[in-house]
1. Hey, among K281, K260, which residue is part of a helix (DSSP H, G or I), at pLDDT 80 or above and either outside the structural domain of K32 (by TED's automatic domain parsing) or of a type in the set (V, I, T) (or both)?
2. What do you reckon, is A253 at pLDDT 80 or above, exposed (fewer than 11 other Cβ atoms within 10 Å of the Cβ) and among the small types (G, A, S)?
3. Only one of (1) of a type outside the set (D, E, K, R); (2) within 21 Å of the chain's Cα centre (by Cα); (3) loosely packed, with under 10 Cβ neighbours inside 10 Å is not met by V242, so which one is it?
4. So which of T59, T10 ends up being modelled with pLDDT of 90 or more and hydroxyl-bearing (S, T, Y)?
Amino acid sequence: MGRGKNDLKTETVDACTEAELVKEYKGEEPYKSFAKQRSDLGNAKAQGKMTAEECNIATKKVHDRRNEVIGLIEANVAAHSFVTTGETLEQETKRRKIDKAKIDKALELLEDVSRSSADGSNALEAAKAMQKAVPQEFYGNGGKQASKEAKDKIAAEKAARKEAKDKIVAEKAEKDPVFAEKKAAAEKLAAEKAAEKDQEKAAKAEAKKASQLAGLKTKANHTMEELRRKLEEAQERAKDPVAYDTKKKAENAKKEEKEKETDQAETNPVPAPDKKAGAEKAEEKEKDEENADSYSSSDEHAMPVRKSRRRIRPKA
């Protein structure tokens, strides 16, 4: 029996490190294969043990669980591959894009060569015309020998100039010990700087390598943690789907309520108390109390004024 459109490759299943996922995908004990589950649902529907709607809902759950298991296996294999080789699908895609760009560039160069070859005949005729202006003895071994002699002459002159310069420096060093000491110190300093630069370069390369390795390890750990969390959720759902769904609904409701409170707090923030206005009110209150104290002390021995209680009758 061939592999279906949505089936995993044998290599992918074999590379998965989670045995429970592999058992559930293959339908090994204690799991039933997804095909057997769908067949049992069809038989139950045909025997009248469940309605068509119930059968469709249950079949959809089996289909969704199968897709989930396939996704978890693929994620496990991807994470394991990332840990062992440090190469992700994004990196492979980037590499292929680079290779494609190189191929496009090569094709462009080939096209340029093809266009330039159209003028090749005219260029060759022009070269032949120029060749006639050069003495015939220059071509062949004679020309090569002349070119070699010219190069050797230039190299000999360069070596002679270097030798003369070194001789002058050596004679000056013999006559002037201070110059010789400075020259040796300069050469030593140059060598030390070169060595220091090489060490710094090596240290930077090692630090960059360690940083990249740490980044790969961190990303791999995060991927493995996420995979482990998904696997635990899948196992919890397989044990008791109803309890799992109830728990997830409660968590989602709590999360939505918290997000709603956060949004409301951001939309309608509580105004901060005006410290300046509060200080002014406190100062006014203190002044009023001081005024009341001064008034009561100045009128301490004054006779109280009694108001008249006589009622004024309105005129008829």
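The values are calculated or read from the model by the stated rules, or taken from the named source; none is laboratory data. Since the model is a prediction, treat every value here as computed from it, not as a measurement. Using ideal geometry, Cβ is built from the backbone for each residue, glycine included, and neighbour counts are taken over all protein chains shown.
1. Selected residue: K260, the only one of K281, K260 that is part of a helix (DSSP H, G or I), at pLDDT 80 or above and either outside the structural domain of K32 (by TED's automatic domain parsing) or of a type in the set (V, I, T) (or both).
2. It is true that A253 is at pLDDT 80 or above, exposed (fewer than 11 other Cβ atoms within 10 Å of the Cβ) and among the small types (G, A, S).
3. (2)
4. Among T59, T10, only T59 is modelled with pLDDT of 90 or more and hydroxyl-bearing (S, T, Y).
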